[in-house]
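Trainee: My questions all concern the structure below.
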Amino acid sequence: MTETDVAREGRPDVVQIRIPSLRLGPVVLAALALIVISLVLKAGMLARGYFIEDDFLFVGDAYEHGLTWDYLTRVHKGHLMPGALALVWVLSRIAPYNWFLVAAVMLALQAAASVGMLVLLRRLFGDRVGILVPLALYLFAPLTVPALSWWSAALNAVPLQVAMVFSLAAHARFLRAGTARHAWRGLAWAAFGMAFSTKGAFLPLVTFALTTAYFGADRTRGWARTAVREVRARPRLWGAYAALLAGYALLYLLRQGTAGEEGAGVPKADVARDLVGWMLGRTFPTGIVGGPLNWGGLAGTGGFADPPIAMIVVAWLALAAVVAFTCLHRRGAWRAWTVAALYVVVADAIPTILARGRYTALVGTETRYVADAVVVFAVCLALSALPLRGEDDAYRRRLPGVMPLTTVLLTVAFLVASVASVNAYGNTLTAADRVRPYVENVVDSLARLPEGAQIYPRPVPDHVVLPWNGDRRLTSRVLAPLADEAVRARMRDPAPAEQPYVVDDSGKIVPIDHLFGYFDMAENLNGDGGRATGTTGRRAAGRERTCYELRSGAVAFPVEALGGPEGVGALSYRSARPVTVEVSLGTVTRRIDLPATGENRLVYFPHPGAGTGLRIALDAPETAGFCLKAVAFGAAVPAESR
């Protein structure tokens, strides 16, 4: 699509704006039809998805921070992605955990990437029928679908694809027209990609490699010489790209400490070997030709690529045949395949090894780690087979007469396999069935929550957020965005209460039934003289003790606790007047104000202390009329919901 021409005719106060008509030839119409069909297929996949795992961590974190530089530049599990975090923050503020909203935004970005790929291919090759093949490969390759269906992955993958196609398209326009503004647009799109994914740092390298491989003044002089000539010819442009990369790398290094233990690290040799074997030997080659057909090892985020042996063999034979055929017929085809191979190794495999090579090789079966390589592969496939606009003598030898029919048949086979693989993957998505009811129950319970109710933190179920995420998976973090501001504050800093609430594993907010852990009482709370259950409720002078004996206004209990926000204590007491007690465990002390009561009253209180020995002390040791009846400490157990 050309730019608007503005011309002044005759008088300087007269402006004529000429808007060229959009020419939709058969190739463009066919391409747009493919884009629409692919978006319908992906919309159906998004309809099966829902929030899970890191999605909850992102939203919870967004509500705990303002839109600050510190928040935006935090490294999350190896990713420096200020653009993605900004998008999370905005969408979460508009409507937290609204799947329709985030799915619509991701689908719109996917549509932009699809149109951008068409723009790129047209700028490189014109409106020839051959561009429909690499376009179809990008639109329908199953490798990109799992990354789209999981929001946390889509936040990185989809904007990165948008940046890749539009950056390359802008640079192609610059190489054709020589207008500097298009070169700087390409640079701006590269910066956009880096803002959403660390892999965006490889985009300038791809741009430089393709420029020197196919747009050098004299490709017969060799690729390396062309690269040197290119740098000398455009030092400002490539200097700006180098400065962008250096700035991003410096920022990453400065902020790497915010990732904790989840950043890059030294991989285990056996894990790295098996991971690469899966990723480069099975997952990528089968996925790029329409596989894997089968998905196994079900996780909450969807299935892992599990291609049958026959699929692996067919994939490798197909790739080998395409590479060999294009290298025999198209001049310089080997350069395109070199770029594609280096990208999937350097930009996908190596970073994944550094980030995940300490854990499990199954990471190599997750297609989201190679989703971005589909863009590069599609462009390189086109460069290896099609002549550029205005390129003469692109082929070494005449193409076989059966080539058009063979291309059509192979493309149809790819599309059939891709649709089958995508549908099979859709059957592995379980978040909508398991997590959506949980969130809906939370929303419903919050709407019916009693005024002033205190909600104590508990971990969300494992199928919502996995246990290794620690305190970040507590209800006080990941579910607080669903509450209003007052309730949200009480969830994050709950107060002592006689009847506190917790979120049970179904998402319903129910009272605490009891504490799992330590319990001791001076007598049966009904006053029938039952024996003590612990070492502190001892007999005195041959009779049951009805209250714990306070020495200097304090008493200690042999509680052992690991500490953390999940810790909850409880005490039962009677008191003739209001008192304040200090409950200490480890280095943490909490002051609790207790009202006067003539009957046994049970009070719960959150306590994050860690260590051995729980000490309860009166703020005023000389206070009379206080009777401590029972003490408990541990994890809150929800009452059975009705």
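Trainee: Report, by chain and number, residues whose modeled amide H sits under 5 Å from the one on R358, excluding near sequence neighbours (fewer than 5 apart, same chain).
Mentor: K268
Trainee: Hey, how many Å between the Cα centroid of the stretch 34-110 and the Cα centroid of the stretch 583-608?
Mentor: 41
Trainee: Order these peptides, 597-609, 128-140, by their mean beta-carbon neighbour count within 10 angstrom, highest first. Write down the numbers at each step before the final one.
Mentor: Numbers: 597-609: 17.3, 128-140: 21.7.
The peptides rank, most packed first, as 128-140, 597-609.
Trainee: Report, in whole Å, the centroid distance computed from the Cα atoms of the stretch 364-408 and the stretch 429-450.
Mentor: Between the Cα centres of the stretch 364-408 and the stretch 429-450 lies a distance of 47 Å.
Trainee: Please identify the cysteines of the chain that lack any partner cysteine with a Cβ under 4.7 Å from their own Cβ.
Mentor: That list is C327, C380.
Trainee: Would you work out what percent of the accessible area of the chain, with all protein chains in place, is carbon or sulfur (probe 1.4 Å)?
Mentor: On the way: 17300 of 28720 Å².
In the chain, the share of accessible area belonging to carbon and sulfur is 60 percent.
Trainee: Take each of the peptides 432-445, 152-165, 614-627, average the number of other beta-carbon atoms within 10 Å over its residues, and list them starting from the highest. Mind dumping the intermediate values first?
Mentor: Details: 432-445: 16.9, 152-165: 26.5, 614-627: 15.4.
Those peptides, ordered most packed to least, come out 152-165, 432-445, 614-627.
Trainee: Another question, then. Could you state the accessible area per residue of the chain in Å², with a 1.4 Å probe and every protein chain left in place? If you can, show how the numbers build up before the last one.
Mentor: On the way: 28720 Å² over 642 residues.
For the chain, the per-residue accessible area is 45 Å².
Trainee: How large is the dipole of the stretch 207-281 about the Cα centre if only Lys and Arg carry +1 and Asp and Glu carry -1, each at its Cβ, rounded to the nearest 20 debye? Write down the numbers at each step before the final one.
Mentor: On the way: 10 positive and 6 negative charges, 129 e Å.
My answer is approximately 620 debye.
Trainee: Rank W334, V133, G364 by how far each Cα sits towards the positive end of the charge dipole of the chain (+1 on Lys, Arg Cβ; -1 on Asp, Glu Cβ) and give me just the farthest.
Mentor: Value: W334.
Trainee: Excluding residues fewer than 8 places away in the same chain, name every one of the lysines whose C-alpha is closer than 22 Å to that of K42.
Mentor: none
Trainee: Per-residue HN-Hα couplings for the stretch 341-347, Karplus 6.51 cos²θ - 1.76 cosθ + 1.60 at θ = phi - 60°, whole Hz, x for Gly and Pro?
Mentor: Here the 3J(HN,Hα) series is 5, 5, 5, 5, 7, 6, 8 Hz.
Trainee: Another question, then. Of V555, V231, which has the most accessible area with a 1.4 Å probe, and how do the rest follow in descending order? All intermediate terms of the calculation are to be shown ahead of the outcome.
Mentor: Values: V555 20, V231 65 Å².
From most accessible down to least: V231, V555.
Trainee: Among L614, G586, A576, flag the residue with its Cα farthest along the positive direction of the charge dipole of the stretch 545-615, charges on Cβ as +1 for Lys/Arg and -1 for Asp/Glu.
Mentor: A576
Trainee: List the aspartates and glutamates whose Cα lies under 20 Å from the Cα of K77, skipping any in the same chain that are fewer than 8 positions away.
Mentor: K77 reaches E53, D54, D55, D61, E64, E261, E262, D348, E366, D372, D462, D471.
Trainee: Ok, one more. Just to make sure I understand: if all protein chains stay in place, what is the order of S641, S92, S584 by accessible area at 1.4 Å, largest first? Working shown, then result.
Mentor: Values: S641 50, S92 5, S584 25 Å².
Of S641, S92, S584, the descending order of accessible area is S641, S584, S92.
Trainee: Straight-line reach from K508: which aspartates and glutamates have a Cα under 14 Å away, not including same-chain ones fewer than 8 places off?
Mentor: E440, D444, E640
Trainee: Per-residue ellipticity at 222 nm for the chain, helices alone: DSSP H runs ≥ 4 residues times -39500 (n - 2.57), over residue total, nearest 500 deg cm²/dmol?
Mentor: Working: 22 runs with 298 residues, N = 642.
Taken over the chain, the calculation gives -15000 deg cm²/dmol.
Trainee: Looking at S476, Y548, P204, which one has the Cα that reaches farthest to the positive end of the dipole of the chain (charges on Cβ: Lys, Arg +1; Asp, Glu -1)?
Mentor: P204
Trainee: Rounded to the nearest 20 debye, what is the charge dipole size of the chain about its Cα centre when +1 sits on each Lys and Arg Cβ and -1 on each Asp and Glu Cβ? Each step should come with its number before you reach the end.
Mentor: Working: 63 positive and 50 negative charges, 560 e Å.
Using Cβ point charges on Lys, Arg, Asp and Glu, the chain gives about 2700 debye.
Trainee: If I fit a long axis through the Cα atoms of helix 373-385 and take the longest principal axis of the Cα atoms of the chain, what angle between them do I get, 0 to 90°, rounded to 10?
Mentor: For 373-385 against the chain, the angle is about 10 degrees.
Trainee: Accessible surface of I309 in the full protein assembly, 1.4 angstrom probe, to the nearest 10 Å²?
Mentor: I309 exposes around 120 Å² with every protein chain in place.
Trainee: Now for a different question. Does anyone have the angle between helix 180-196 and the longest principal axis of the chain? Alpha-carbon axes, 0 to 90°, nearest 10?
Mentor: 30
Trainee: Going out from 0 in 5 Å bins, what whole percent of all Cα-Cα distances in the stretch 543-597 drops into each bin?
Mentor: Answer for the stretch 543-597: a P(r) of 4, 12, 25, 28, 16, 12, 4, 1 percent.
Trainee: So, with +1 on the Cβ of K and R and -1 on the Cβ of D and E, and no other charges, what is the size of the charge dipole of the stretch 252-309 about its Cα centre, to the nearest 20 debye?
Mentor: 120
Trainee: Counting pairs of Cα atoms in the chain, how many percent are more than 44 Å apart? Write out the running numbers ahead of the final one.
Mentor: Details: 74962 of 205761 pairs.
Result: 36 percent of Cα pairs exceed 44 Å.
The values are calculated or read from the model by the stated rules, or taken from the named source; none is laboratory data. Treat the numbers as computed from the prediction; the structure is a model and nothing was measured. With ideal geometry, Cβ positions are generated from the backbone for all residues, glycine too; neighbour counts draw on all protein chains shown. The protein model used for the area step is the full one, side chains on, heavy atoms only, and it has no ligands, DNA or RNA in it. Shrake-Rupley method; radii C 1.70, N 1.55, O 1.52, S 1.80 Å.
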